[in-house]
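The values are calculated or read from the model by the stated rules, or taken from the named source; none is laboratory data. Please read these numbers as outputs of a predicted model, since none were measured by experiment. These accessible areas exclude ligands, DNA and RNA; they are computed on the full protein's heavy atoms, side chains included. Shrake-Rupley method; radii C 1.70, N 1.55, O 1.52, S 1.80 Å.
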Amino acid sequence: MLGGISIWQLLIVLGIIILIFGTKKLRNVGGDLGGAVKGFKKAMHEDDKEAESDKPQAQVRHDDEGETYDVRAERKPEEQEERK
């Protein structure tokens, strides 16, 4: 088990660590580690959402050479007055 380390040896090492650092400091370290893991998971999910939003919403194909569209863009009257 674990390279020849018994459960009693692990408990003795854990007891020595608790005596040296104290339970309060170990609790703080555990909380900080948990917060770091939680932040990492949140950042990974945000990256996934950003990757999905970067995808194009529609694709325009240019292989239909027989159809031509004549388009004229105009602004709405409300937008023209607000910009002045």
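Listed here are the residues, each with its yes/no results for (1) assigned to a helix (DSSP H, G or I); (2) hydrophobic (A, V, I, L, M, F, W, C); (3) open to solvent by 90 Å² or more (accessible area, probe 1.4 Å).
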{"site": "GLY4", "(1), (2), (3)": "no, no, no"}
{"site": "LEU10", "(1), (2), (3)": "yes, yes, no"}
{"site": "GLY15", "(1), (2), (3)": "yes, no, no"}
{"site": "LYS24", "(1), (2), (3)": "yes, no, yes"}
{"site": "GLY31", "(1), (2), (3)": "yes, no, no"}
{"site": "VAL37", "(1), (2), (3)": "yes, yes, no"}
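Any residue at all in the stretch 45-59 that's open to solvent by 90 Å² or more (accessible area, probe 1.4 Å), of a type in the set (S, T, N, Q) and at pLDDT below 85?
yes
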